[in-house]
Amino acid sequence: MTTEPASSPFPSEFAISTSRLRIHPFDPDNLSHCEFLVQLWNTDDFTKSCGRTGIDTPEKAAAFIRWRVFADYARNRHGQFLVSLVEASQAPKLIGCVSLMKGAPPGPHYLAPDIGYTILPDESGKGYATEAAKGLLEYARVELDIHTAFGFCSATDLRSRRVLEKIGMDYRGVAALWVFGGKESAVYALPGMDKDLGIYNLTEDLRDK
Ligand SMILES: CC(C)(COP(=O)(O)OP(=O)(O)OC[C@H]1O[C@@H](n2cnc3c(N)ncnc32)[C@H](O)[C@@H]1OP(=O)(O)O)[C@@H](O)C(=O)NCCC(=O)NCCS
């Protein structure tokens, strides 16, 4: 049992820039990051799609960042990041999260990470999820030599599916996924990934839907 949280490998100024956005690590000692996570993960939009996380106070958010988010950063050099909108002559504004997640044995895990995203309802429909996901995948490709990634979402979530299409992923069918406790999900994969997703440890039966 680990008694100390991992520390973040990222320098405080670390950021991935896209044309309109800044993608940057969480800091559990930054109250605005903790309050923002509570806000983002408790909108009706988020809870309808992703369910309740139980992170409903800044203190719980800080503990989550310190123990879970930092563990991913330390293990993989990727994980969950904040997304800020950068507009000329205005302070950057937190608008969402983007993630590249990979579970670890003995828990559910695949050998390719999966891309995820959440954008505040007021800022959605402006292409930000697509831009942030493309930015993080490009960083992973260039800086971390990661050329394989999945996209998972509910088969009925047409908005998320559209984002996965717009970032250039290929639809591979629907499966009851191990990482979601057997819940059905649409499965997308980056172009060029093997026809047999079993080589990435995804052994679930895929079917069209
Ligand atoms: C899903 C989510 C991240 C999308 O963020 P966003 O910034 O609005 O995404 P984008 O603007 O980049 O792209 C959205 C696309 O979906 C389309 N779309 C929106 N509603 C749609 C619907 N009901 N059916 C089909 N397409 C839809 C948009 O038109 C847009 O496509 P377009 O550019 O071709 O017009 C955001 O709505 C969100 O955070 N939802 C709650 C959390 C969530 O579901 N996360 C994903 C879990 S896997």
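A short reminder: the numbers here are calculations on the coordinates, not readings from a lab. Please read all numbers here as calculations on a predicted model, not as lab measurements. Cβ atoms come from the backbone with ideal geometry, glycine included; neighbour counts cover every protein chain shown.
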>> As an exercise, use a Förster radius of 25 Å and the Cβ-Cβ distance of VAL86 and THR47 to find the FRET efficiency, rounded to the nearest 0.05.
In response: 0.35
> Taking the alpha-carbon centroid of each part, what is the distance from segment 9-57 to segment 151-201 in angstrom?
Replying inline: 23 Å
> Does segment 138-209 come out rounded, prolate or oblate, given a ≥ b ≥ c as the square roots of the eigenvalues of its C-alpha gyration tensor, rounded meaning a/c under 1.5 and, failing that, prolate meaning a/b above b/c?
Replying inline: oblate
> Taking amide H positions as placed 1.01 Å from N in the peptide plane, with prolines and chain starts having none, which residues 5 or more places from LEU202, or on another chain, fall under 5 Å of its amide H?
Replying inline: LEU111
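Looking at segment 16-200, send over the antiparallel percent of its DSSP beta bridges, to the nearest 5.
Working: 30 of 32 bridges.
Approximately 95 percent, going by the DSSP bridge assignments.
Taking the DSSP beta bridges in segment 75-157 as the whole, what percent of them are antiparallel, to the nearest 5?
On the way: 12 of 14 bridges.
Of the beta bridges lying entirely in segment 75-157, close to 85 percent run antiparallel.
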> Order of 75-87, 52-64 by packing, highest average Cβ count within 10 Å first?
Replying inline: 75-87, 52-64
> So what's the convex hull volume per residue for the Cα atoms of the chain, in Å³?
Replying inline: 129 Å³
> Going toward the positive end of the dipole of the chain, with +1 on Lys and Arg Cβ and -1 on Asp and Glu Cβ, which of CYS34, LEU190, SER12 do you reach last?
Replying inline: LEU190
> Around ASP170, which amide H atoms from residues at least 5 apart in sequence, or from another chain, sit under 5 Å from its own amide H, with H modelled in the peptide plane?
Replying inline: ALA189, LEU190
